[in-house]
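Engineer: Just passing along the structure, written as structure tokens.
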Amino acid sequence: MKKSLIAVLVLVSAAFACMGCKSWAPSTTEQGKCSVDRQWVPPKQDADGNWKEGYCEWMPGKAG
């Protein structure tokens, strides 16, 4: 009885872990708030598959 209870708990834990797997991926829809004369550059994946964080950059002609 105890072994079957442990097996059920392991299966339930694995199911919840699988449901949450997608949440560990970086957010590609992240919206940052930038100061005046700056624009948000969203996170991007480079050629090696590594994610680069989003950031604020100066708008063209506004760098100060």
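Engineer: For residues in region 41-51 being open to solvent by 60 Å² or more (accessible area, probe 1.4 Å) and outside any loop (DSSP other than H, G, I, E, B), which is nearest to Ala63 (Cα to Cα)?
Structural biologist: Going through the qualifying residues, I end up with Lys44.
Engineer: Further question: Does region 54-64 hold any residues that are free of Cβ contacts under 8 Å to residues at least 24 places away in the same chain and under 15 Å from Gly32 (Cα atoms), and which are they?
Structural biologist: Tyr55, Glu57, Trp58, Met59
The values are calculated or read from the model by the stated rules, or taken from the named source; none is laboratory data. No experiment lies behind these values; they were computed from the predicted model shown. All Cβ positions, even for glycine, are placed from backbone atoms using ideal geometry, and neighbour counts span all protein chains on display. The protein model used for the area step is the full one, side chains on, heavy atoms only, and it has no ligands, DNA or RNA in it. Shrake-Rupley method; radii C 1.70, N 1.55, O 1.52, S 1.80 Å.
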